[in-house]
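The values are calculated or read from the model by the stated rules, or taken from the named source; none is laboratory data. This one's a predicted model, so the numbers in the text were calculated from it and none came from an experiment. FYI the Cβ positions are ideal-geometry reconstructions off the backbone, even for glycines, and counts take in every protein chain you see.
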Amino acid sequence: MAKLAYKRILLKLSGEALGNTGRGLDYKKLNMAVKEIRALTRLGVELGIAIGGGNWWRKRNQSKNFDAVSADYMGMTATVLNALALRQGLAKVGVFSLVQTTIGSEIPLLKPVNEVKARAALKQGRVVIFAGGTGKPFFTTDTAAAQQASLLGAKVLIKAGPADGVYSANPNKHKNAQKFDNLTIKQALRLNLGVMDRQAFAWCEKNKIPIIVCKWQKGMVAKVVRGLAIGTVVKP
């Protein structure tokens, strides 16, 4: 086993890690995600995953004909599709997982969110996949991820996505945007950097959970858990 800076983590994974926005699953992306997760388990990482649903549904792009509550529940349902896809993909490569959800737990493959059972599954070497967000409208999967990190007793919340860190402005639009190596949650809020929503920040600050923002690409999260200086660390 490798020496780890972070033994137990919550990985916030956007739906776009499994497919393009609004277009469902891309099996190449799904397989890449499965390989990355398997590599983390082989390092000895105790891994929880908060999965988004943006590859199926983006409220801001697709909800013009739906009320806000219905649109949010449709997004939550999309996360269940991704959780089940991840579960199946991991099973094919010999990685056992437990899917816990705030919605749809009457489906046999899904179990309601339960702290005791989730932590026990981690100790058994299983990956815990969280679906359904918070189970309530008007909350993002960022907030759900922060809550689930606390539930698992995770030492860090890793937000892996298209950005390689936190910048002072959108680097795609502003050439002079500066990347932060470290900052605090209070600084991120004061500068309105949009790393996560305010509820997620408040939850992480209350529970003393640092956030690391890094790019979702091969081997990157493994470097983070080994303690390498990757991305941006947002401290509580």
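Name the single residue that is surrounded by the fewest Cβ atoms within 10 Å (Cβ to Cβ) among those in segment 226-236 being within 17 Å of the chain's Cα centre (by Cα) and under 21 Å from Gln147 (Cβ atoms). If we take residues in segment 226-236 being within 17 Å of the chain's Cα centre (by Cα) and under 21 Å from Gln147 (Cβ atoms), then Val233 is surrounded by the fewest Cβ atoms within 10 Å (Cβ to Cβ).
Is it true that Ala2 is surrounded by fewer than 19 Cβ atoms within 10 Å (Cβ to Cβ), closer than 18 Å to Asp142 by Cβ and modelled with pLDDT under 95? No; evaluated as a whole, the condition is false for this residue. Among the numbered conditions (1) within 19 Å of Thr21 (Cα to Cα); (2) modelled with pLDDT under 95; (3) surrounded by 20 or more Cβ atoms within 10 Å (Cβ to Cβ), the only one that Gln62 does not meet is (3).
Test Lys29 against the criterion of being under 17 Å from Gln217 (Cα atoms), free of Cβ contacts under 8 Å to residues at least 40 places away in the same chain and within 17 Å of the chain's Cα centre (by Cα), and give yes or no. Step through it out loud before you land on a result.
Numbers: under 17 Å from Gln217 (Cα atoms): yes; free of Cβ contacts under 8 Å to residues at least 40 places away in the same chain: yes; within 17 Å of the chain's Cα centre (by Cα): yes.
When the stated conditions are applied, Lys29 passes them.
Among Arg23, Arg42, which is the only one that is over 16 Å from the mean Cα position of the chain (by Cα) and either among the β-branched types (Val, Ile, Thr) or under 30 Å from Gly153 (Cα atoms) (or both)? Criteria check complete, one pass: Arg42.
Can you tell me which residue is nearest to the chain's Cα centre (by Cα) among those in segment 185-213 that are in a loop (DSSP other than H, G, I, E, B) and among the charged types (D, E, K, R)?
It comes out as Asp197.
Would you call Cys214 farther than 24 Å from Ala33 by Cα and crowded, with 17+ Cβ neighbours inside 10 Å? Criteria not met by Cys214.
Within segment 178-207, residues that are free of Cβ contacts under 8 Å to residues at least 12 places away in the same chain and under 16 Å from Leu157 (Cβ atoms) sit with their Cβ atoms under 7 Å from residues that are in a helix (DSSP H, G or I) and of a type outside the set (Val, Ile, Thr), at 6+ positions apart or across chains, in these pairs: Arg198/Leu189.
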